[in-house]
Amino acid sequence: MAQKISGRLLAYILSVFLAGLGIFLYVYQAYPGISIEGAIAFGLLVLVTDNLAVMLPKAGAVSVAGSILMACLFVNGPVTASLISILQLLHVADFKNREPWYKYLFNGGQFLLAVGIGGIIFKTINRSGAFALQGEVVLAVVLSSLAYFVINTGLTAIAVSASTPERTSAIHTWLYNYAWLFPFHILVSIVAVGIALLYLRFGSVSLLFSTLPLILTQYIWLLTLRERKAVLDNIINMVRIMEAKDVYTAGHSRRVAQYAEKIGRELRLNEFEIDNLKNAAYLHDVGKIQIVLSVITTEERLSSEARKIFQSHVTVSAEITGSITYTKPISDIIWGHHERYDGQGYPRGLKGDEIPILAAILSVADSFDAMTTKRPYTQALLAAVPIPDPAKE
């Protein structure tokens, strides 16, 4: 069943597609000529590398196919490069996921725009047509590569922003999902120059040796990100299993993550902060795994000793997340989620502005869920009941 999209988003997608088609027709007339050998050689490599693309956190993917496309642009011209860019639509994962038709329409227009405008810039500056490391060629490479990156990522950021329920700004989406890729793109552009020079000197056979290290590097990166996701998923599932043992806390971390994200978006936090906040919310109670269930579920007031045991879950949670490379950035958030504005919290007794903002948000979300969920020692409050400002208490 096709996903429903807004009229505004559909209009944007159609605009991108028509603009891409228009740019391609202009390029086809202005810079005629198609290299069959180049289309086959570079096209096969684009197919392989794009199907090993690394998925980005929010949406979209990144691959070294950009190096191959830019190299093709430099030596075979924008028409050949534009045509093989369309091969990126033959993405196996998209077919398996039955992606909607408008995604292919958008991607096709985006590819044609990025490569086409990059090609126009390259041809306009490099009037000689030769490809050698000299002044105007270097300038043409830099500006065409920059245009390719900005158009590719910028158009996607706008689409992602318009299609997400929270309607995050396109700038925030771009900064979170794509800005950090700029150094990678610089490397991609340098590699593209190397691939182009080797191709001109040794022909198609050079592509095998010049791109194999790129493909291996991308595959290792793909495995690394899959490992990161698997580690996070395993820890989150462990927390859910632990929560399921207690009817009162079942689903607690999931609800806290939802509340924390909503608060973060109201405060206009960037996507990096919101992502860390959500992960911290999912894992903030992982340290309870070392606490005897009877302490967690008791309906009686905790003894001094039992309270110390219970409060130790913060330290254990922070230490667990701090010891894992992929969750280390959220450790400080977890350290502070039971601190109080008046300094009477635990485990460090922080107060006021000493408490990190993300930890304070997590604390509010955690407390809200605790107060609006039935617990062994209290009835649930209605969500509409006013809650006193902790800063005034």
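Does residue 227 meet the test of being acidic (Asp, Glu) and in contact with a His (Cβ under 9 Å, 6 or more places away or on another chain)?
Working: acidic (Asp, Glu): yes; in contact with a His (Cβ under 9 Å, 6 or more places away or on another chain): no.
For residue 227, the condition - acidic (Asp, Glu) and in contact with a His (Cβ under 9 Å, 6 or more places away or on another chain) - is not met.
Across the stretch 162-220, which residue is surrounded by the fewest Cβ atoms within 10 Å (Cβ to Cβ) among those that are under 28 Å from residue 36 (Cα atoms) and among the small types (Gly, Ala, Ser)?
203
Do you know which residues across the stretch 196-216 are in contact (Cβ under 8 Å) with a residue 24 or more places away in the chain and part of a helix (DSSP H, G or I)?
Narrowing the stretch 196-216 to residues in contact (Cβ under 8 Å) with a residue 24 or more places away in the chain: 196-197, 199-200, 204, 207, 211, 214-215.
Hits for the stretch 196-216 are 196, 197, 199, 200, 207, 211, 214, 215.
So which helices (runs of 4 or more DSSP H) stay within the stretch 80-176 end to end and still have 3 or more residues that are assigned by TED's automatic domain parsing to the domain that holds residue 50, more than 28 Å from the chain's Cα centre (by Cα) and at pLDDT 80 or above?
Numbers: elements: 92-96, 101-125, 135-163.
Here the list reads 101-125, 135-163.
Which pairs turn up if I take residues in the stretch 217-231 that are under 20 Å from residue 67 (Cβ atoms) and at pLDDT below 80 and look for partners that are surrounded by 12 or more Cβ atoms within 10 Å (Cβ to Cβ) and of a type in the set (S, T, N, Q) with beta carbon separation below 8 Å, at least 6 apart in sequence or on another chain?
Here the result reads 218/49; 218/63, each pair linking the stretch 217-231 to a residue that is surrounded by 12 or more Cβ atoms within 10 Å (Cβ to Cβ) and of a type in the set (S, T, N, Q).
Which residues, counting only those in the stretch 177-203, are modelled with pLDDT of 85 or more and in contact with an Asp or Glu (Cβ under 9 Å, 6 or more places away or on another chain)?
203
Quick one: count up the residues across the stretch 92-106 that are of a type outside the set (A, V, I, L, M, F, W, C) and in contact with a helix residue (DSSP H, G or I) (Cβ under 6 Å, 6 or more places away or on another chain). If you could, list the steps in order and put the result at the bottom.
Here is the first cut: in the stretch 92-106, the ones of a type outside the set (A, V, I, L, M, F, W, C) are 94, 96-100, 102-104.
Checking which are in contact with a helix residue (DSSP H, G or I) (Cβ under 6 Å, 6 or more places away or on another chain) leaves us with 102, 104.
Total satisfying the criteria: 2.
Of the conditions (1) surrounded by 17 or more Cβ atoms within 10 Å (Cβ to Cβ); (2) modelled with pLDDT of 85 or more; (3) farther than 30 Å from residue 179 by Cβ, residue 333 clears all except one; give me its number.
Just one mismatch for residue 333, condition (3).
The values are calculated or read from the model by the stated rules, or taken from the named source; none is laboratory data. As the structure is a prediction and not an experimental result, all values here were calculated from the model. Virtual Cβ from ideal backbone geometry, glycine too; neighbours counted across all protein chains shown.
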